[in-house]
Amino acid sequence: MIWDWQYALGVLPSMLRAFVVTLEATLAGFVLAVLVGLLWATLRMAPVRVVARGAFWIVEFVRSTPLLIQLYFLYYVLPEYGVALSPLMIGILALGLHYSCYTAEVYRAGIEAVPAGQWEAARALNLSPASTWLRIILPQALPPTFPMLGNYLIAMFKDTPLLAAITVMEMLQTAKLIGAESFRYLEPLTITGAVFLFVSLIASYAVRRLEVRHAIRR
């Protein structure tokens with residue numbers, strides 16, 4: 001099969017619309033992952049043992065099961081309990097919850113790296129737990145985690161083709177359907193691969209810049 005530029009340009013608008021869906025799923029899932037991940041991290045460090053152990057086992061369970069199974073579970077089980085969400089929303093929810101258990105470990109490492117003296121100083125100043133976290137601990141713990149969080153953003157972007165399993169019209173699903181209609185898979189699949197490569201390289205460069213910037217600050 002020979003590359004057909006006219007055909008490639010003809011399918012490009014559809015591929016770009018699918019790229020917008022892929023980007024929406026990635027960014028919305030990442031926002032959910034960083035917020036819920038911070039929740040898991042703080043719960044794992046809770047003074048109440050039952051809460052800490054419960055958060056630990058939830059994180060371990062989610063990390064130990066494949067994302068695809070979680071996608072299928074949410075897609076087929078949630079409607080049975082009256083939760084009606086679009087395939088895209090289910091995909092965002094699955095991506096966010098799955099990666100929140102990875103970002104939780106990143107946050108935990110950052111929090112544990114804060115010197116013990118900072119906690120003691122907060123107690124000496126009689127700061128409330130909320131003030132201790134928001135004004136003392138998190139401002140020191142979060143910046144070193146940014147490069148690793150960026151790596152998980154890239155990984156999430158590359159996992160979005162799994163959403164095709166629940167009928168989300170992201171780039172790979174769109175490329176497959178276009179190829180099935182015209183029996184030409186070369187152009188749509190190549191465009192998909194090129195877009196993923198291009199975006200991943202840009203994101204990787206940004207992560208490296210974050211790493212260099214953080215190293216200089218230290």
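Annotation: peptides 3-12, 163-172, ranked by per-residue average of other Cβ atoms within 10 Å with the highest first, follow the order 163-172, 3-12.
Working value for the chain: equivalent-ellipsoid semi-axes of 40, 22, 11 Å, each the square root of 5 times a Cα gyration tensor eigenvalue, largest first. Averaging the sequence gap over all C-alpha pairs within less than 8 Å and six or more residues apart, then dividing by the number of residues, gives the range 5-217 a relative contact order of 29 percent. Projecting the Cα positions of VAL36, LEU177, LEU189 onto the charge dipole of the chain (unit charges on Cβ atoms of Lys, Arg, Asp and Glu, taken about the Cα centre) puts VAL36 furthest along the positive direction.
Here the chain is treated with +1 on each Lys and Arg Cβ and -1 on each Asp and Glu Cβ, and its dipole about the Cα centre works out to around 800 debye. Spin-label model, SER200 to ALA113: label points 7 Å out along the Cα-to-beta-carbon direction sit 2.5 nm apart. The packing ranking, built from the mean of other Cβ atoms within 10 Å per residue, places the peptides 42-52, 144-154 in the order 144-154, 42-52, highest first. Stretched out fully, how many nm does the piece from ALA165 to GLN6 gain, at 0.36 nm a residue minus the Cα gap? Roughly 54.2 nm would be gained on extension.
The label point for ALA121 and the one for VAL83, both projected 7 Å from the Cα toward the Cβ, are 4.2 nm apart.
Every number in this text was worked out from the coordinates using simple rules, so none of it is lab data. This structure is a prediction, so every number in the text was calculated from the model and none was measured. Note: ideal-geometry Cβ built from the backbone for every residue, glycine included; neighbour counts use all protein chains shown.
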